[in-house]
Amino acid sequence: MQFICLIYSAPNSEPQPGTHEFGAYMQSYGAFTEKVRADGKFVSGDALQGTETATTVSVRGGKTETMDGPFAETKEQLGGYYLLDCKDIDEALEYAAMIPTAAHGRIEVRPVVVWDN
Amino acid sequence: MLPPLTLERTIDKTVREEWGRILASLVKSLGDLQLAEDCLQDAIVSAMSHWRKNGLPNSPAAWLITVARRKAIDRLRKGQSFAAKQNEISYLFDLENETNDEMDIGDIPDKRLELIFTCCHPALEEKTQVALTLRTLGGLSTEDIARAYLDSADTMQRRLSRAKKKIAAVKIPYRVPDQEDLPERLSTVLRVLYLIFNEGYSASSGECLTRSDLSEEAIRLTRIVSRLLPNETEVAGLLALMLLHDARRTARTNPDGSMIALEHQNRARWNNAKITEGVSILTDTLPKRRIGPYQLQAAISAVHDQSPSWDDTDWQEILALYDLLYEIQPSPVVLINRAMAVSYARSIDDALTLLDQANGDGELDTYQHYFAARADLFSRIEKFEQAASDLKTSIGLSKNDQERAFLHAKLEQCQKNTS
């Protein structure tokens, strides 16, 4: 079954581009992606651009409204995701804990709905 | 034909004693907690009429399992996704050929350990772990659990059904964790059992019966886990700890429900059978040399329980045990209890110095037990004004009515001494 791992962190809490730590951080993401691929768990995964690039859309009374900014202003922001194919929650949690951001941010793990028909 | 009263009692007794075992077996074969619970309820209803007509079966528990499985087949057939469930149904038919209502419960593999690890899975909130353990392993009704935790039955019902949905949705497995994960997962199970015990222990047994039942239930469940994991010394340690604490139950409250400190308890009212059992479990467990916090706390309790009077207490032994405990569990509560042991084993001044040092950066300033302990030390060296001031702070920080009443009584005593 598929689990999505939503990667949340405060923007300033992670290594910044240009620092020595950033290189190592990116490498650890590379290593994680390689591992989930090799283990046959990887379905998809992406990093997202910052919430300053977000636009929120809603339709009310047939009228489309757009808002500059994310849906919710929170300290910790959604920065990316992995969609993994795991046998149960234990396995999914085990992989989620290996995502490099888990060390300073949080990973929300949720199963994907399987429609019956 | 059985008289209805006997019948109902037998059903109650079977359900009460075997609920967890029956349910665990059903969950294992059905793979779904809610379905298993619903089918077991169906089977209990059907037992009422069948047993009245045909008399009691050889093994009521095995009968309930067999009938609950048939109910499951019915439910799955009636369900929307009949085609998708073909595999489950034929699996259940196979099972049915292997078991029958003439079997004994002992013939059915005990799956309660698997189930308790599911109920205490870290993906569930602590309060949910507690409620789910009481419901599925203990067989307590949702209403009873709600009453014990001062929730409405509706709220508790929602909490339990949310949890069961989550277990199914994220596939929380029914299995005993691998050796590698076992210590951490087991410590969650033990914490849940201890929380249940304490919930029953810290409440007044007089005014609210369901609460002391919680302690009994915690002991019963810990006994089961201890039987299923005989090599885990901390499970035995927790069981011993519960028994050694529970032995003092009736001696620790006045008839009006107010608390009596260990020092003033009537030791003749302590339960000898429980003390003997607790001590004998410890005697078997400690030599295995895999010491943990529950075993040490049990050992401390055992020293108290075996001491003929407060004055005869072996404080050197207790302090040595607290030293070990503080090494592996340096928490504020252990620190304060250790300081109290120091006050008896060495001197009150030493204990006060220790507490002062511990609160060097004011991190215990919101900790009720810190002030209660200091007040006790101050009043023992007749510094009643300081004691009274600490008691007032302590009362302000306390969240429990009984505890507040206990501290108020001490405060009055102090104020009498100063005037």
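No value in this document is a laboratory result; all are computed from the given coordinates. It should be emphasised that the depicted structure is a prediction, and the values quoted were computed from it without experimental measurement. Here the Cβ positions follow ideal geometry from the backbone for every residue, glycine too, while neighbour counts run over all protein chains shown.
Tabulated values for the structure
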read-out: Entries of A:K35/B:K28; B:K171/B:K399; B:K288/B:K399; A:K87/B:K78; B:K71/B:K111; B:K164/B:K274 with Cα pairs more than 30 Å apart; value: A:K35/B:K28; B:K171/B:K399; B:K288/B:K399; B:K164/B:K274
read-out: Shielding of B:187-193 by partner chains, average beta-carbon count, 10 Å; value: 0
read-out: Point-charge dipole on Cβ atoms (K/R +1, D/E -1) for chain B, about Cα centre, debye to 20; value: 1300
read-out: Partner aspartates and glutamates for B:K13 [C-alpha distance under 15 Å; skip if fewer than 8 residues away on the same chain]; value: B:E217
read-out: Sorted by Cβ density within 10 Å, fewest first, the residues B:I73, A:I107; value: B:I73, A:I107
read-out: Cut-off of 10 Å, at most 16 other beta carbons, DSSP loop: longest stretch of chain B lacking such trypsin sites (Lys or Arg not before Pro); value: B:1-174
read-out: Per-residue Cβ neighbour rank within 10 angstrom, fewest leading, A:W115, B:W63, B:W270; value: A:W115, B:W270, B:W63
read-out: Pairwise centroid distance, computed over Cα atoms, of region B:228-290 with region A:1-42, Å; value: 50
read-out: Theoretical ellipticity at 222 nm over the protein assembly as shown - DSSP helices of four or more residues, -39500 (n - 2.57) apiece, nearest 500; value: -19000 deg cm²/dmol
read-out: Qualifying trypsin sites (Lys or Arg not before Pro) in region A:64-117, DSSP loop, other Cβ atoms within 10 Å at most 16; value: A:K75, A:K87
read-out: Inter-probe distance in nm under a simple model that places probes 7 Å from Cα toward Cβ, at B:Q415 and A:D68; value: 6.4
read-out: Of A:A54, A:I4, A:Y95, farthest towards positive along the dipole that unit charges on Lys, Arg, Asp, Glu beta carbons give region A:2-111; value: A:A54
read-out: Taking B:S419, B:S152, B:S389 and counting other C-beta atoms within 10 Å, the order from fewest to most; value: B:S419, B:S152, B:S389
read-out: Loop sites in region A:53-100: chymotrypsin sites (Phe, Trp or Tyr not before Pro), DSSP, at most 14 other Cβ within 10 Å; value: A:F71
read-out: Selected from B:S25, B:S187, B:S226 as most flexible by GNM, with chain B as the system and alpha-carbon contacts under 10 Å; value: B:S187
read-out: Number of partner chain Cβ atoms within 10 Å, mean per residue of B:120-132; value: 1
read-out: Cβ charges +1 (Lys, Arg) and -1 (Asp, Glu), total dipole of the protein assembly as shown, debye; value: 1420
read-out: Gyration tensor verdict on the protein assembly as shown (Cα atoms; rounded if a/c is under 1.5, prolate if a/b is larger than b/c, oblate otherwise); value: oblate
read-out: By average C-beta atoms within 10 angstrom, highest first, the peptides B:232-241, A:59-68, B:319-328; value: B:232-241, B:319-328, A:59-68
read-out: Positive dipole terminus of chain B, leading residue within B:A351, B:W63, B:A240 (C-beta point charges); value: B:W63
read-out: Separation of alpha-carbon centers, region B:1-66 and region A:56-117, rounded to whole Å; value: 43
